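Trainee: Dumping the structure here so I can ask a few things about it.
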Ligand code: MOS
């Protein structure tokens, strides 16, 4: 093939016509008019309804169910129990597929946590199934529930998070503490939080022989397909999953969940299509959660306010039967420079569903403690908390010593502070009141999240009429992936976005990897980019080797793809349309393929992160202790921004979750039964519109030449990380009270 500069051209030469535009969501009208069909909106002919019954005990054995009583309910088709459920082809406790967790799918009578599925009723109507499930009167042999961070002896886990060491030491901690002139030690607790996407987990399952057709919301279509193939003993290509829209996921839809597997088993049992959708309270158990933590931080600083030591220990919980360990201490690996950093974790097993990745797993939990401790250290040094951060933030990754692949954090601090008006902040707490007499406080937090890439493939085509097609099995959790990825796809083809058909959201398309780790735009986007480059290179090959083309002989100089035409790079007046090139070659379509993954050599040389700084204002009623956030400004550097409207929207969502972490969210466990007492959206508080103040997200310009050829990082998770600490620190500044037990509620201020 002729050497084509095109395929290696730096992004700024070819890109910009679609990338960078603040387009609205291409599926927005569908969504706001109810036209977007979510999994549970599907009703294939003959579909039956499945409803789960769940355990009311935390540990023990299911002894009996009154199946006969349930069957007296008119419309009941079958009751699936541990005693008659279809056996699976593979152990549901198997974990050989990446990111898979053990599933409770009626293969035994053992109860391992509250809200574990214990039966499924299948009926002609949802009402009949729901009513019948109430008639099952389960009897148990119950054992006492193990609850809380001190329920049992703690152990040091082999790994934390997706595979990091539980204990890391850098430098000499004791020497760092000994050389400090100011020290703080503080312990913070964060509660369990539950993924509560608007769309609960659901499945509509249809079997035809050994072929399985599914409507199932998924953040990882290919991995889900693989796991289901294993569980049901059929080839992956027999499983067709449609997941065009997700009503949120936050990590809990990254792997297939037990309840979704139960829906598929139910369809097999009754020989009809079956729908199973979780009720809200059933979200609190079998589909993951953010584990609670108790974090102890010891910091030392010298008389100039320079950190000399950071020690961060996390105690967390996991389930009695599976391994996920919230890597909260790892937040201290990235943010602040210190000659000595020691992080550690230990874990207590309790009777809970297994915790899971939940939006900024580790970073969110750890950073609220670290950012609070940094504030306490600044106070101990008599320094403004922003000045302290400007003095101590890391310019290279402290643990590995690798330089950051870009250095925009200072910009984030400066632009955010300027916009917020931080320079007017009094140093001491309890100094500001508004006109109504409410105490006002200002806080700052540093945000960070790794810039990850997974593996993905894409397919591109240019058709006879000059329009394009791009395909990858990407996932849109609501963040706007259909739109941002289509923008990348269109630029990759040198076409306007309206001339490109963009297909995503089904397992029959090339694997787009995982919509997680804030890496989906970078990963699926780079696969699309490379598929575009491949098809354009093939088209250019056709043209430059055809003496009837005005591009003939242009191979050595290279060509540029723009607006549906190829142009000679050395003489842009010589060009030809895609349609003409294909017509002369007698082709109906020309196809290209692309793939993407992280570049190991850049990863070895650089630490890759998005950065940010968040500034929050809160108002506190001095008599009642009521806390309201009144203003939040975040400034984020996250590489090339594909769509500023959607990126801001993602950042707002993260910042609102940070606010929620600081002031609202808390799953409360009954110490006697081990059950979650507020397993509903009435009592499990998430911020509603009235809780959310005006929020600004400044997109700080950043060219990161190392993360990938397009310079894309992620914006999905970083917004939580600085915001939670900023709000907590603002509460201290308003009141002078340091609350270390989250969420901060009014009773703790009185
Ligand atoms: Mo996220 S917790 O990587 O979906």
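Trainee: Here's a check for you: in the range 355-383, which residue that is under 30 Å from residue 519 (Cα atoms) and assigned to a loop (DSSP other than H, G, I, E, B) is farthest from the ligand (Cβ to nearest atom)?
Mentor: Top of the filtered list is 355.
Trainee: Kindly provide the set of residues from the range 217-239 that are within 16 Å of the ligand (Cβ to nearest atom) and over 17 Å from residue 105 (Cα atoms), ordered by number.
Mentor: The answer is 217, 218, 219, 220, 221, 222, 223.
Trainee: Residues 260, 193, 169: which one is more than 16 Å from the ligand (Cβ to nearest atom) and farther than 20 Å from residue 105 by Cβ?
Mentor: Of 260, 193, 169, the one residue that is more than 16 Å from the ligand (Cβ to nearest atom) and farther than 20 Å from residue 105 by Cβ is 169.
Trainee: On the basis of being within 16 Å of the ligand (Cβ to nearest atom) and out of contact with any helix residue (DSSP H, G or I) (no Cβ under 6 Å at 6 or more places or on another chain), does residue 478 make the cut?
Mentor: yes
Trainee: If residue 484 satisfies every condition in (1) surrounded by fewer than 23 Cβ atoms within 10 Å (Cβ to Cβ); (2) touching a helix residue (DSSP H, G or I) at 6+ places or on another chain (Cβ under 8 Å); (3) closer than 25 Å to residue 251 by Cα but one, which is the exception?
Mentor: (1)
Trainee: Still on this structure, please answer the following. Which of the residues belonging to the range 448-472 are within 16 Å of the ligand (Cβ to nearest atom) and either part of a loop (DSSP other than H, G, I, E, B) or in contact with a helix residue (DSSP H, G or I) (Cβ under 7 Å, 6 or more places away or on another chain) (or both)? Spell out the reasoning first.
Mentor: Initial filter on the range 448-472 (within 16 Å of the ligand (Cβ to nearest atom)): 448-456.
Scanning the range 448-472 gives 448, 449, 451, 452, 453, 454, 455, 456.
Trainee: Separate question: Could you go through the range 631-649 and let me know if any residue there is part of a strand (DSSP E or B), surrounded by fewer than 24 Cβ atoms within 10 Å (Cβ to Cβ) and over 19 Å from the mean Cα position of the chain (by Cα).
Mentor: There is at least one residue in the range 631-649 that is part of a strand (DSSP E or B), surrounded by fewer than 24 Cβ atoms within 10 Å (Cβ to Cβ) and over 19 Å from the mean Cα position of the chain (by Cα).
Trainee: Quick check, is residue 149 under 24 Å from residue 311 (Cβ atoms), touching a strand residue (DSSP E or B) at 6+ places or on another chain (Cβ under 6 Å) and buried (at least 16 other Cβ atoms within 10 Å of the Cβ)?
Mentor: Spelling it out, residue 149 is indeed under 24 Å from residue 311 (Cβ atoms), touching a strand residue (DSSP E or B) at 6+ places or on another chain (Cβ under 6 Å) and buried (at least 16 other Cβ atoms within 10 Å of the Cβ).
Trainee: Only one of (1) under 30 Å from residue 712 (Cβ atoms); (2) part of a loop (DSSP other than H, G, I, E, B); (3) out of contact with any strand residue (DSSP E or B) (no Cβ under 6 Å at 6 or more places or on another chain); (4) more than 16 Å from the ligand (Cβ to nearest atom) fails for residue 399. Which number is that?
Mentor: Of (1) under 30 Å from residue 712 (Cβ atoms); (2) part of a loop (DSSP other than H, G, I, E, B); (3) out of contact with any strand residue (DSSP E or B) (no Cβ under 6 Å at 6 or more places or on another chain); (4) more than 16 Å from the ligand (Cβ to nearest atom), only one is false for residue 399: (3).
Trainee: Same structure again: Hey, does the range 230-243 have a residue that's crowded, with 24+ Cβ neighbours inside 10 Å and part of a loop (DSSP other than H, G, I, E, B)?
Mentor: yes
Trainee: Restricting the range 712-739 to residues that are in a loop (DSSP other than H, G, I, E, B) and surrounded by fewer than 23 Cβ atoms within 10 Å (Cβ to Cβ), which is nearest to the chain's Cα centre (by Cα)?
Mentor: Restricting to residues being in a loop (DSSP other than H, G, I, E, B) and surrounded by fewer than 23 Cβ atoms within 10 Å (Cβ to Cβ), the top hit is 739.
Trainee: Of the conditions (1) within 16 Å of the ligand (Cβ to nearest atom); (2) closer than 29 Å to residue 353 by Cβ; (3) in contact with a strand residue (DSSP E or B) (Cβ under 8 Å, 6 or more places away or on another chain), residue 653 clears all except one; give me its number.
Mentor: (3)
Trainee: Taking the condition under 16 Å from residue 619 (Cβ atoms) and more than 16 Å from the ligand (Cβ to nearest atom), does residue 728 pass?
Mentor: yes
Trainee: Return a yes/no flag: does the range 612-620 have any residue that is farther than 29 Å from residue 497 by Cβ, under 20 Å from the mean Cα position of the chain (by Cα) and modelled with pLDDT of 95 or more. Talk me through it step by step, then tell me what you get.
Mentor: Taking the range 612-620 as the starting set, the residues that turn out to be farther than 29 Å from residue 497 by Cβ are 613-620.
Imposing the further condition that a residue be under 20 Å from the mean Cα position of the chain (by Cα) reduces the set to 613-614.
Among the residues that remain, those that are also modelled with pLDDT of 95 or more are: 613-614.
Among the residues of the range 612-620, at least one is farther than 29 Å from residue 497 by Cβ, under 20 Å from the mean Cα position of the chain (by Cα) and modelled with pLDDT of 95 or more, which makes the answer yes.
Trainee: Could you please let me know if residue 671 is over 22 Å from the mean Cα position of the chain (by Cα) and not in a strand (DSSP E or B)?
Mentor: Values: over 22 Å from the mean Cα position of the chain (by Cα): yes; not in a strand (DSSP E or B): yes.
So residue 671 fits the description; yes.
Trainee: Just wondering, is there one or more residues in the range 407-424 that are closer than 30 Å to residue 343 by Cβ, over 30 Å from the mean Cα position of the chain (by Cα) and not in a strand (DSSP E or B)?
Mentor: yes
Trainee: Continuing with the same structure: Restricting attention to the range 501-521, report how many residues are more than 16 Å from the ligand (Cβ to nearest atom) and not in a loop (DSSP other than H, G, I, E, B).
Mentor: Adding up the residues that qualify gives 4.
Trainee: Ok, one more. Taking the stated definitions as given, is residue 524 touching a helix residue (DSSP H, G or I) at 6+ places or on another chain (Cβ under 6 Å), within 16 Å of the ligand (Cβ to nearest atom) and under 19 Å from residue 249 (Cα atoms)?
Mentor: In short, yes.
The values are calculated or read from the model by the stated rules, or taken from the named source; none is laboratory data. Nothing here was measured: the structure is a model prediction, and the numbers come from that model. Cβ sites come from the backbone with ideal geometry, for glycine too, and all protein chains shown count toward neighbours.
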